[in-house]
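Here the structure is laid out as structure tokens; the discussion comes afterwards.
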Amino acid sequence: MRTRAVILAGGEGSRLGILTAKRAKPAVPFAGKYRIIDFALSNCVNSGIFDVIVLTQYRPHSLNEHIGLGRPWDLDRSFTGGVRLLQPFQGRQATDWYAGTADAVTQNLNFIRRNHPRNALILSGDHIYEMDYDMLVGYHEEHDADATVCVIEVPMSEASRYGIMATDESRRIIDFVEKPPDPPGNLANMGIYVFKLEVLEELLLEDAQRQDSRHDFGYNIIPRMLELGLKVMAYPFDGYWIDVGTIDAYWAAHMDLLCKPPSLDLNDRSWIIHTRSEERPPVRIEEGAHIVDSMITDGAHVAASARVIRSVLSPGVYVGPDALVYESVILTDSYIERGAVIEQSIVDKGVIVQEGAHVGERSETSDTRAIVTVGKNSTIPANYRVGKGAVLNVDLDITAVLEQFPDGAIPPGTRVGYK
């Protein structure tokens, strides 16, 4: 066997706030009909890699339900390959919750080494991009590398969020520092690695014995390889890639999809992003509705005189008469009543925005933009105004909002429903 893929999908994703209050970060909905993990899974099968292990941990239920046996990705295979979802387990030896990305792989080495694949492809389950992993693996083998790290140039202003590396003229990595406060460059680690399996095993087992290690690929494994003089190559990527690990990045990634041309072409039939689709009726758009540069998913209903501008509507969303949705992401089965206004906001599943409510505030400059987030199954009372940057917790009871803000306004930046 040439390559086995391992997708790290156990992250809590705390920087996504209420979007991960009841789901793992890779299970967060994206672009109307998808989940974030769909991109890594689809990249695997589109690259001819049909042997995939998904390592879950935090709130795995929705992720397990979404992936199931892997049929939408042609990964429901009985004998060779397929997808397997593995969670932390208690065995005869000391095991625990994963202490880091490398520890997650270490605890599952018995599964990863089965049938003796030559390479282990380590992926993050929470990035949005399209990549041919077969070309990556070919590059790795052509250079006879012990490991290959996918890299991308990022703006210097964002470089401190990433592992930053330096390479020689052959693209061999000669220096690596994880999330430096004062970055020496902007060549960033994408969290996509190919290892020779025997090299990876030795490194992980050594790292597991180190008490001072964070058991992380970026902080420990890659720097240790450089320290030992192993051959670590950089694989440059010049396509669209974004880590949607924050509310701002998640919102921005959706806005990127609405550009002309879009940053990521989801209509490309040569590279299909597969997903488990819901059985929904066709979109219904009534006469007089006004829709501009938006993505509308099956089961959505836009009423007469409603306006949807540069926004994404997920399955089953209803936008009532005279309502406005502007530069916002509305998740499944949310209901926006007559005359309500939603601007530069993210509204989770099953939210009710009552008649005449105004959520968020339009901003023309990124310096002052603050995205409103409304948690799953919450209700915003009629005619209320929610200031920019406010966060409304999941399952927010309308009575609690009325009692806490009797004047009908939730101030900017307020966190509502938190003790």
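The values are calculated or read from the model by the stated rules, or taken from the named source; none is laboratory data. Given the structure is predicted, the values throughout are model-derived calculations rather than measurements. Every residue, glycine as well, gets a Cβ built from its backbone with ideal geometry; the counts of neighbours run over all protein chains shown.
When VAL52 is tested against (1) over 11 Å from the mean Cα position of the chain (by Cα); (2) surrounded by fewer than 24 Cβ atoms within 10 Å (Cβ to Cβ), only condition (2) is not met.
Looking at the structure I just gave you, is VAL394 within 21 Å of ILE36 (Cβ to Cβ), in contact with a helix residue (DSSP H, G or I) (Cβ under 6 Å, 6 or more places away or on another chain) and either hydrophobic (A, V, I, L, M, F, W, C) or touching a residue at least 24 places away in the same chain (Cβ under 8 Å) (or both)? Yes; evaluated as a whole, the condition is true for this residue. The residue of segment 248-303 that is modelled with the lowest pLDDT, among those that are among the basic types (Lys, Arg) and under 22 Å from LEU63 (Cα atoms), is ARG276.
Please count how many residues of segment 380-414 are closer than 17 Å to SER328 by Cβ and crowded, with 18+ Cβ neighbours inside 10 Å.
Here the count works out to 10.
Within segment 113-130, how many residues turn out to be under 18 Å from the mean Cα position of the chain (by Cα) and of a type outside the set (D, E, K, R)? Outline the logic, then answer.
Step one: list which residues in segment 113-130 are under 18 Å from the mean Cα position of the chain (by Cα), which gives 122-130.
Those still in the list that are of a type outside the set (D, E, K, R) too: 122-125, 127-129.
Here the count works out to 7.
Residues in segment 329-347 that are within 17 Å of GLU278 (Cα to Cα) and charged (D, E, K, R): ASP333 only. So, of the residues in segment 74-121 that are in a loop (DSSP other than H, G, I, E, B) and among the aliphatic types (A, V, I, L, M), which turns out to be modelled with the highest pLDDT? Within segment 74-121, the match that is modelled with the highest pLDDT is LEU75. Entry remark, segment 279-297: residues being in a loop (DSSP other than H, G, I, E, B) and surrounded by 14 or more Cβ atoms within 10 Å (Cβ to Cβ) number 6 in total. Under the condition of being among the basic types (Lys, Arg) and modelled with pLDDT of 95 or more, the residues counted in segment 182-215 number 1.
Just need a number here: residues in segment 207-262 that are in a helix (DSSP H, G or I) and either touching a residue at least 24 places away in the same chain (Cβ under 8 Å) or out of contact with any helix residue (DSSP H, G or I) (no Cβ under 8 Å at 6 or more places or on another chain) (or both). Walk me through how you get there before you give the answer.
Kept after step one, since they are in a helix (DSSP H, G or I), are these residues of segment 207-262: 207-208, 217-227, 247-257.
From the residues that got through so far, the ones that are either touching a residue at least 24 places away in the same chain (Cβ under 8 Å) or out of contact with any helix residue (DSSP H, G or I) (no Cβ under 8 Å at 6 or more places or on another chain) (or both) too are 207-208, 217-223, 225-227, 247-257.
The qualifying residues number 23.
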